[in-house]
Every structure is written in C-alpha cells, then in structure tokens.
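The values are calculated or read from the model by the stated rules, or taken from the named source; none is laboratory data. Note that the coordinates shown come from a computational prediction; the quantities given were computed from them, not determined experimentally. A quick note on method: Cβ atoms are made from the backbone with ideal geometry, for glycine too, and the neighbour counts reach across all protein chains shown. All accessible areas refer to the heavy atoms of the entire protein, side chains included, with ligands and DNA or RNA removed. Shrake-Rupley method; radii C 1.70, N 1.55, O 1.52, S 1.80 Å.
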Amino acid sequence: MKSARIGYSYATGVDHIFRRLENAGSTTTVLSPSQAQSTEFVDVCKKNIQAIGAVAQVYDEAWKDDISATDFLVQRIQFANGSRIMALAANPRTARGYPGDAVLDEYAHQMDSYAIWAAIFRQVALGNRLDVLSTPNGEQGKFFDLAKDLGLSDGFAPSPNPTRKGPWSGHWIDVNMAVADGCPINIEEMREGIKDNDTWSQEFLCVFLKA
C-alpha cells in the first residue's frame, strides 16, 4: 500500500533484477495496468541493469498462448544466465503466461482484478514470490480486499508496520513517511497543485475513497 511517486515500482524492479541474476533460468512476470506503464517499468530496469554493469538483451515480441496469437505485446529482458523479466499489460490471459515470480504493479487500477488474481496465483504455486503494489482506487476490487484483510485499508499505518498474516507481509507507506525517509516530494506544492482533498488523500495518503 503506497503513495504515488515514491519509487516503489523502481525499487521492485531493482529487486527482481538481482533475483534473476542470482537464480539462473528463472522468470519474473510484471503485469501493469497499461502497455505504457509496462514499457516504463522496462525502461527503468534497463537503466539500472546498465548502472550495475550487468548485461541483458531487451526486445519486444508478440504474446501468444494455447488459444491463439494476440495483439498483446510482451517486453522481454533476457539475461545471459537464462533468466528473464517479462513485462505486459495486465489481463487474465497474460497473467497465465509464465511460471515464476510475479509483480502486480498498480494492481488496484487493473481491470478484471479477480480474474487476474485467479490466473496469477496458480503461476506462483511452486514456491515463487508474488509482489502486489498499488495506490488505492476506491473500496472495490481484489487489491482493496487484500488491503482490508491485512489491516492496510484504514488510512493509517498498521501496528506493527510491516504486518504479517499467513504468507503475506503487508507494507504501508504514505507520502509523509516517504518524505521523512528522504523522498524529494514537495508536499505543500503538490497539495496546492492538486487542490482536491479526495485526490490528495487517495493518491498520496493511502486512503481508499468510498465506492
């Protein structure tokens, strides 16, 4: 559960770059709400791969499954050890594409969240990791269900933070916590620019608006 623009997608990309470098032949599937957002995720990963001196090929390919070819585009980061990061726009079909670790980026803003959840969870069944991160998007959808179950939906940090429940580690960080930790967002300037308390609360303070 996160504020907008505090670097969680960036940090998640870095984490999975190192996981793929350390685990030959492994896969991360990243599902974003749109093709543009998946492209942005890959572009940031490319810069960080270069920054750490690693080597990878980056290219696009058409996505297909057992049903048929599609017009979906998958962006692949292929490492020399056989590992890969696959980034796609989220839908129930692409969520079934690749076994391995998975990332649901801005999950609250993905269409068909329940069908995507059913598809992606079977992909991580064999001990793989699923990272779910998002700003809120109203009291609806699977992300809200997860947040509520973990005590992350009340508009303030749980105690303890992060919290644990079953296999889940739940993390909550709003813009105030991020800025206190060094994130260079000018809070007063942002609030003045938005001029809407509901938008500010949901995008930056981790508050789910009523449906």
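Worth pointing out:
- Positions within the range 153-211 being touching a residue at least 24 places away in the same chain (Cβ under 8 Å), over 21 Å from residue 140 (Cβ atoms) and among the small types (Gly, Ala, Ser), in sequence order: 178
- Summed over the range 61-108, the residues that are aromatic (Phe, Trp, Tyr), under 30 Å from residue 138 (Cβ atoms) and modelled with pLDDT of 95 or more give a count of 1.
- When we screen 43, 60, 71 for residues that are more than 20 Å from residue 125 (Cβ to Cβ), free of Cβ contacts under 8 Å to residues at least 12 places away in the same chain and part of a strand (DSSP E or B), the only hit is 71.
- Only one of the numbered conditions (1) surrounded by fewer than 21 Cβ atoms within 10 Å (Cβ to Cβ); (2) of a type in the set (S, T, N, Q); (3) touching a strand residue (DSSP E or B) at 6+ places or on another chain (Cβ under 6 Å) is violated by residue 29, and that is (1).
- For the range 1-26, the set of residues classified as farther than 30 Å from residue 179 by Cβ, open to solvent by 10 Å² or more (accessible area, probe 1.4 Å) and touching a residue at least 24 places away in the same chain (Cβ under 8 Å) consists of 21, 23, 24, 25, 26, listed by residue number.
- Failed item in (1) under 18 Å from the mean Cα position of the chain (by Cα); (2) more than 30 Å from residue 99 (Cα to Cα), with residue 132 passing the rest: (2)
- Filtered residues of the range 45-56 (kept if under 13 Å from residue 76 (Cα atoms) and open to solvent by 30 Å² or more (accessible area, probe 1.4 Å)): 46, 56
- Among the residues of the range 84-93, those that are touching a helix residue (DSSP H, G or I) at 6+ places or on another chain (Cβ under 6 Å) and open to solvent by 10 Å² or more (accessible area, probe 1.4 Å) comprise 89, 90, 92.
- Taking the criterion of being outside any strand (DSSP E or B) and touching a helix residue (DSSP H, G or I) at 6+ places or on another chain (Cβ under 6 Å), the only residue of the range 74-83 that qualifies is 83.
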